[in-house]
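**Q** Got a structure for you, questions after.
The values are calculated or read from the model by the stated rules, or taken from the named source; none is laboratory data. As the structure is a prediction and not an experimental result, all values here were calculated from the model. When we count neighbours, we look across all protein chains shown, and the Cβ atoms used for this are built from the backbone with ideal geometry, even at glycine. Protein only, heavy atoms only, side chains kept; ligands, DNA and RNA dropped before computing areas. Shrake-Rupley method; radii C 1.70, N 1.55, O 1.52, S 1.80 Å.
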Amino acid sequence: MIINSYKIEPTSTRTRSITGQAKSKNLISGKRHCGKGRNARGIITIRHRGGGHKRLYRKINFKRNEKDISGKIITIEYDPNRNARICLIHYINGEKRYILHPRGALIGDTIISGTEVSIKIGNSLPLNEIPLGTSLHNLEITRGKGGQLARAAGAAAKLIAKEGKSAALKLPSGELRFLSKKCSATIGQVGNIEVNQKSLGRAGVKRWLGKRPIVRGLVMNPIDHPHGGGEGRAPIGRKQPRTPWGYPTLGKKTRRKNKYSNKFILRPHK
């Protein structure tokens, strides 16, 4: 299984990276296979997908809608659907929820969401209640819809200014943008920051994750890629790199110029 590729050190339960297996059946559901990146006609529409270990979906509470009800972190678990770890929370009203694991949160710690809660790792509250310079994750774009920004392992945004009804944040991509002060966010950085330093070890691990091999266009035939063809190590033969379908790539901006959210962006990402 995929989980076996992550080495678990025999440390105490309060510092171990993964402390339990998924056991809350009401928080787990079946996950339909994507069909190797193919559409209804069987044509590949997303390349480099296929295979992989069978997965179950863990229902993550991105909305953090258990307001003013404290909960305790019971386990820190592996989630095959994301590179971040997840926490199982038991609330005092009997409810159980999964949330993203904040960096530094330990088994037995309590968390709470609301409008008048302390600035503590794992707590969730509106942006107008958070002091400047705080690291945040699981940011809402639309109030009440749930967190959509800064959810990957190691991701953290920073609150840099407040003006009128909006708050300015610096996102992990380097983008500066406005969000409504009424949108909520979670204090701290997403855990498992060392995920990008992990060596998969062999090609088979990549296949367990559902990722098929990637081949450079330069070594393809002319019918398969604009960069293909030629004798030996030939250059691409074009002024700039192209996608397999002939569109400019590697630096070409793909964002629509008239997108509705452009007015909220102070500085685009790099």
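**Q** Condition first: open to solvent by 20 Å² or more (accessible area, probe 1.4 Å) and assigned by the TED database to the domain that holds Arg103. Can you find one or more residues in segment 181-188 that meet it?
**A** Filtering segment 181-188 down to residues open to solvent by 20 Å² or more (accessible area, probe 1.4 Å) leaves 181-182.
Within this subset, residues satisfying the condition of being assigned by the TED database to the domain that holds Arg103 are 181-182.
Taking every residue of segment 181-188 in turn, at least one turns out to be open to solvent by 20 Å² or more (accessible area, probe 1.4 Å) and assigned by the TED database to the domain that holds Arg103.
**Q** Restricting the search to segment 110-125, which residues are outside any loop (DSSP other than H, G, I, E, B) and surrounded by fewer than 19 Cβ atoms within 10 Å (Cβ to Cβ)? Show your work before the answer.
**A** Residues of segment 110-125 outside any loop (DSSP other than H, G, I, E, B): 110-111, 113, 124-125.
Thr110 - this is the single residue of segment 110-125 that is outside any loop (DSSP other than H, G, I, E, B) and surrounded by fewer than 19 Cβ atoms within 10 Å (Cβ to Cβ).
**Q** Checking the structure you have, find out if any residue of segment 155-165 is in contact with a helix residue (DSSP H, G or I) (Cβ under 6 Å, 6 or more places away or on another chain) and part of a loop (DSSP other than H, G, I, E, B). Give the steps one after another, and end with the answer.
**A** The initial filter retains those residues of segment 155-165 that are in contact with a helix residue (DSSP H, G or I) (Cβ under 6 Å, 6 or more places away or on another chain), namely none.
No, because not a single residue in segment 155-165 is in contact with a helix residue (DSSP H, G or I) (Cβ under 6 Å, 6 or more places away or on another chain) and part of a loop (DSSP other than H, G, I, E, B).
**Q** When residues of segment 138-180 are filtered for being open to solvent by 70 Å² or more (accessible area, probe 1.4 Å), under 19 Å from the mean Cα position of the chain (by Cα) and within 26 Å of Asn81 (Cβ to Cβ), how many remain? I'd like the intermediate steps shown before the answer.
**A** Taking segment 138-180 as the starting set, the residues that turn out to be open to solvent by 70 Å² or more (accessible area, probe 1.4 Å) are 142-143, 145, 148, 151, 158, 160, 162-163, 165, 170, 172.
Pick out the ones that are also under 19 Å from the mean Cα position of the chain (by Cα) and you get 142, 145, 148, 151, 158, 170, 172.
Add one more test, that the residue is within 26 Å of Asn81 (Cβ to Cβ), and what stays is 142, 145, 148, 151, 172.
Counting residues in segment 138-180 that are open to solvent by 70 Å² or more (accessible area, probe 1.4 Å), under 19 Å from the mean Cα position of the chain (by Cα) and within 26 Å of Asn81 (Cβ to Cβ) gives 5.
**Q** Might you let me know whether segment 53-70 holds any residue that is surrounded by fewer than 19 Cβ atoms within 10 Å (Cβ to Cβ), farther than 22 Å from Gly191 by Cα and either of a type in the set (Phe, Trp, Tyr) or touching a helix residue (DSSP H, G or I) at 6+ places or on another chain (Cβ under 9 Å) (or both)?
**A** So far as segment 53-70 goes, yes, one or more of its residues are surrounded by fewer than 19 Cβ atoms within 10 Å (Cβ to Cβ), farther than 22 Å from Gly191 by Cα and either of a type in the set (Phe, Trp, Tyr) or touching a helix residue (DSSP H, G or I) at 6+ places or on another chain (Cβ under 9 Å) (or both).
**Q** Let me ask something additional. Regarding segment 95-112, can at least one residue be identified that is aliphatic (A, V, I, L, M) and farther than 23 Å from Lys23 by Cα? Give the derivation first.
**A** Initial filter on segment 95-112 (aliphatic (A, V, I, L, M)): 99-100, 105-107, 111-112.
Pick out the ones that are also farther than 23 Å from Lys23 by Cα and you get none.
No, segment 95-112 has no match at all.
**Q** Something else: Limited to segment 90-109, what total is found for residues that are part of a strand (DSSP E or B) and touching a residue at least 24 places away in the same chain (Cβ under 8 Å)?
**A** Selection size over segment 90-109: 7.
**Q** May I pose another question? Within segment 189-207, count every residue that is open to solvent by 80 Å² or more (accessible area, probe 1.4 Å) and farther than 26 Å from Ala105 by Cα. If you could, list the steps in order and put the result at the bottom.
**A** To start, the set of residues in segment 189-207 that are open to solvent by 80 Å² or more (accessible area, probe 1.4 Å) comprises 194, 196-197, 199, 202, 206-207.
Next, only the ones that are farther than 26 Å from Ala105 by Cα stay: 202, 206-207.
Qualifying residue count for the region: 3.
**Q** Among the residues of segment 181-199, is there at least one that is farther than 30 Å from Glu140 by Cα and at pLDDT below 95? So that I can check it myself, show each step before the final result.
**A** If we filter segment 181-199 for residues that are farther than 30 Å from Glu140 by Cα, which is where we start, we get 199.
Subsequent filtering for residues that are at pLDDT below 95 retains 199.
Yes, segment 181-199 contains a residue that is farther than 30 Å from Glu140 by Cα and at pLDDT below 95.
**Q** Moving on to the next point. Filter segment 212-270 down to the residues that are hydrophobic (A, V, I, L, M, F, W, C) and open to solvent by 70 Å² or more (accessible area, probe 1.4 Å), then identify the one that is farthest from Gly37 (Cα to Cα). Break it down into steps so the answer makes sense when it comes.
**A** Of segment 212-270, the ones hydrophobic (A, V, I, L, M, F, W, C) are 214-215, 218-220, 223, 234, 236, 245, 250, 264-266.
Of the ones still in play, those that are also open to solvent by 70 Å² or more (accessible area, probe 1.4 Å) are 214-215, 219, 223, 245, 250, 264, 266.
Values: Ile214: 14, Val215: 17, Val219: 23, Ile223: 21, Trp245: 17, Leu250: 23, Phe264: 33, Leu266: 35 Å.
If we take residues in segment 212-270 being hydrophobic (A, V, I, L, M, F, W, C) and open to solvent by 70 Å² or more (accessible area, probe 1.4 Å), then Leu266 is farthest from Gly37 (Cα to Cα).
**Q** Quick check, is Ala185 more than 16 Å from the chain's Cα centre (by Cα) and not in a loop (DSSP other than H, G, I, E, B)?
**A** Details: more than 16 Å from the chain's Cα centre (by Cα): no; not in a loop (DSSP other than H, G, I, E, B): yes.
It is false that Ala185 is more than 16 Å from the chain's Cα centre (by Cα) and not in a loop (DSSP other than H, G, I, E, B).
**Q** Under 24 Å from Pro268 (Cβ atoms), among the polar types (S, T, N, Q) and assigned to a strand (DSSP E or B) - does that describe any residue in segment 147-154?
**A** We begin by selecting, within segment 147-154, every residue under 24 Å from Pro268 (Cβ atoms); these are 147-154.
From the residues that got through so far, the ones that are among the polar types (S, T, N, Q) too are 148.
Filter once more, so that each one left must be assigned to a strand (DSSP E or B): 148.
Yes, that holds for at least one residue.
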